[in-house]
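See structure below.
The values are calculated or read from the model by the stated rules, or taken from the named source; none is laboratory data. Fair warning: this is a prediction, and the values are worked out from it, not measured in the lab. Methodologically, a virtual Cβ is constructed for each residue, glycine included, from the backbone with ideal geometry; neighbour enumeration extends over all protein chains shown.
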Number of protein chains: 2
Amino acid sequence: MSQDMPPLSALRAFEATARLGSVTAAAGELHVTHGAVSRQLRSLDEHFGTPLFTKAGRGIRLTHQGEQLQRGVGDAFSRLRESCAELKRSSEEGPFVLNCPGSLLARWFIPRLERLHRELPDIRLQVGDSDSELDPRHSEAGATLLFSEPPYPAELGVIELAPENICAVARPDQAERFDSQDPATIFTRPLLHTRSRPQAWPQWAQAHGLDEARLAQAVEAGQGFDHLYYLIEGALAGLGVAIAPRLLVKDDLASGRLIAPWGSVETSGRLCLLLPHYVSHRRGEQLAAWLQRELNP
Amino acid sequence: MSQDMPPLSALRAFEATARLGSVTAAAGELHVTHGAVSRQLRSLDEHFGTPLFTKAGRGIRLTHQGEQLQRGVGDAFSRLRESCAELKRSSEEGPFVLNCPGSLLARWFIPRLERLHRELPDIRLQVGDSDSELDPRHSEAGATLLFSEPPYPAELGVIELAPENICAVARPDQAERFDSQDPATIFTRPLLHTRSRPQAWPQWAQAHGLDEARLAQAVEAGQGFDHLYYLIEGALAGLGVAIAPRLLVKDDLASGRLIAPWGSVETSGRLCLLLPHYVSHRRGEQLAAWLQRELNP
DNA sequence: ATAAAGTGTGACTCCAGCTCACATGTTTGT
DNA sequence: ACAAACATGTGAGCTGGAGTCACACTTTAT
């Protein structure tokens with residue numbers, strides 16, 4: 001690759017000067033003084049070993065070599081400007097991609113999407129399932145919604161939206177088995193679980209002062225699922241007691257499709273919105289604000 | 001004109017990284033550290049508000065937006081490189097334009113061109129008459145050969161090649177009218193002159209201690225010419241005595257076509273080669289050295 | 001396990017490129 | 001003929017953007 005390119009800033013100065021036919025005008029466009037442009041042009045002359053402009057009256061005029069250079073360089077800069085403008089536009093007006101775990105997407109976000117679109121019509125959100133790419137650093141998304149807990153990696157812009165409350169839920173037809181004053185009555189039913197959150201049940205047991213060994217036994221007896229989403233479906237199907245973030249079963253509790261006999265426990269986890277440093281501020285913050293409102297009425 | 005272009009150096013870093021698929025490789029090509037490239041890329045992410053690369057394994061991969069940008073930017077940079085290389089080539093290998101006054105060109109340079117081409121075969125000199133554009137700042141030439149005198153404008157690279165000697169010349173058939181011991185015998189013939197060098201005769205008269213008034217009268221009597229070249233032709237035609245730089249009549253004196261009864265007078269003028277600051281050193285200095293040799297044997 | 005390769009980033013440094021002020025040359029209006 | 005406005009070139013001096021260095025972290029290979 002030919003490695004003797006002149007400084008790019010000098011080429012930009014040349015392009016503007018050649019296009020506008022004036023050093024001063026170019027300086028205006030580039031928001032620098034005419035002296036700065038004049039130096040850049042001189043450095044180009046030296047680089048190419050040939051004059052690009054000559055004086056003409058009180059202004060300047062392209063030399064033959066200058067015209068030759070102008071053809072290619074003018075094209076190249078148009079192309080550059082066009083590409084950058086296009087990307088900028090598609091980044092500002094194109095869909096804003098928000099990734100979040102499938103369970104959160106299905107059980108909390110999708111039911112609220114219509115309201116989101118109504119209240120933030122210009123955000124053109126595109127939601128995606130992030131279970132395949134757990135690490136937001138590998139994702140192309142503009143933002144990621146997920147449960148996490150401190151300490152957060154410093155390079156990610158983490159906004160804590162709400163504390164995570166987990167609760168044990170079951171179908172209402174099993175209500176009589178459970179005593180809301182006695183957490184141990186939970187052991188009358190199998191404990192549904194998922195491999196992706198092995199600490200969920202132990203955490204709950206500790207908060208309610210239950211014996212870990214007996215808990216492990218009950219977990220053993222319950223069905224395992226690959227995914228939190230299916231876990232909750234298991235509870236709805238009456239297979240046993242599921243453990244889930246309160247957020248995901250909020251609507252089911254309100255409608256009476258599920259019950260949470262022992263309330264919910266706040267964990268050290270938080271529902272977080274990850275806005276990478278580079279993300280467009282306007283839309284990212286609009287979204288964060290909307291989520292805050294929606295989560296903390 | 002859309003004025004929110006990212007820094008060009010960042011775009012160059014992006015282009016190299018996208019093309020080579022590696023930050024480190026791009027850093028190598030740009031002769032900087034990988035850290036420098038990494039920062040540039042980050043600044044681009046921030047400018048566009050969208051990620052251009054994601055991590056992939058231990059390397060990186062273009063995102064969708066990155067690919068979009070790469071198409072245009074890659075093209076633009078190819079174009080830029082191509083244009084610059086083309087101009088550089090035509091400036092280094094193309095003809096080297098030397099301008100000089102028509103009289104010098106015709107009466108001194110052209111007879112020596114063949115030797116120049118033989119001794120400096122790769123210089124591909126193109127000589128032009130500069131009488132229309134006297135000021136080298138308005139010319140497109142790579143170099144200018146001309147008579148000038150100090151002080152020289154600072155911004156021009158002036159190389160003094162030889163002192164200017166002027167002499168009064170006439171046709172040999174008029175030799176008996178002139179006494180080489182008595183300059184006043186010059187007034188036996190009309191004094192040919194040119195408007196472009198009104199000070200030539202007075203200078204000569206002063207050097208030989210002649211009366212200015214009588215000189216003015218003799219000049220009045222002589223034919224005037226537009227151009228030094230025709231002035232010498234006038235002397236060759238026997239119209240009177242011409243005044244000219246010794247260099248221009250050197251060959252005619254040697255061959256006996258002209259005589260210079262009173263020798264020559266050194267003036268404060270110098271034959272100079274003007275090499276603008278930007279000119280390719282190699283060829284400019286080769287030419288200067290050859291001229292030095294040719295003028296001062 | 002251990003090494004090697006690749007990328008990201010905090011802290012610091014430095015010089016490329018800018019501004020300022022002035023000089024010089026050109027055009028235009030009166 | 002003169003002055004004023006316009007345009008570019010340049011010496012001196014300053015500053016912030018861009019680079020280096022060193023280290024951390026992750027992934028791949030041996």
Kindly establish whether B:Leu192 is within 19 Å of B:Pro172 (Cα to Cα) and assigned by TED's automatic domain parsing to the domain that holds B:Arg171. yes
The helices (runs of 4 or more DSSP H) lying entirely within segment A:189-280 that contain at least 2 residues which are at pLDDT below 85, of a type in the set (Asp, Glu) and more than 30 Å from A:Lys88 (Cβ to Cβ) are A:212-221
Can you pull out the residues in segment B:75-107 that are within 9 Å of chain A (Cβ to nearest Cβ) and of a type outside the set (D, E, K, R)? B:Ala76, B:Phe77, B:Ser78, B:Leu80, B:Ser83, B:Cys84, B:Ala85, B:Leu87, B:Ser90, B:Ser91, B:Gly94
In segment B:26-70, the residues that are away from DNA strand D (no atom under 14 Å from the Cβ), surrounded by fewer than 20 Cβ atoms within 10 Å (Cβ to Cβ) and more than 7 Å from chain A (Cβ to nearest Cβ): B:Glu67, B:Gln70
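Residue by residue, here is whether (1) modelled with pLDDT of 95 or more; (2) in contact with a Lys or Arg (Cβ under 9 Å, 6 or more places away or on another chain) holds:
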position	(1), (2)
A:Met1	no, yes
A:Asp4	no, yes
A:Leu8	yes, yes
A:Phe14	yes, no
A:Ser22	yes, no
A:Val32	yes, no
A:Gln40	yes, yes
A:Asp45	no, no
Within segment B:175-187, can you find the residues that are part of a helix (DSSP H, G or I) and out of contact with any strand residue (DSSP E or B) (no Cβ under 8 Å at 6 or more places or on another chain)? B:Glu176, B:Arg177, B:Pro183, B:Ala184, B:Phe187
Wholly within segment B:1-120, strands (runs of 3 or more DSSP E) carrying at least 3 residues that are within 11 Å of DNA strand C (Cβ to nearest atom) and over 38 Å from the mean Cα position of the chain (by Cα): B:53-56, B:59-62
Residue among B:Leu44, B:Leu62 that alone is in the same structural domain as B:Ser22 (by TED's automatic domain parsing) and within 17 Å of A:Leu80 (Cβ to Cβ): B:Leu44
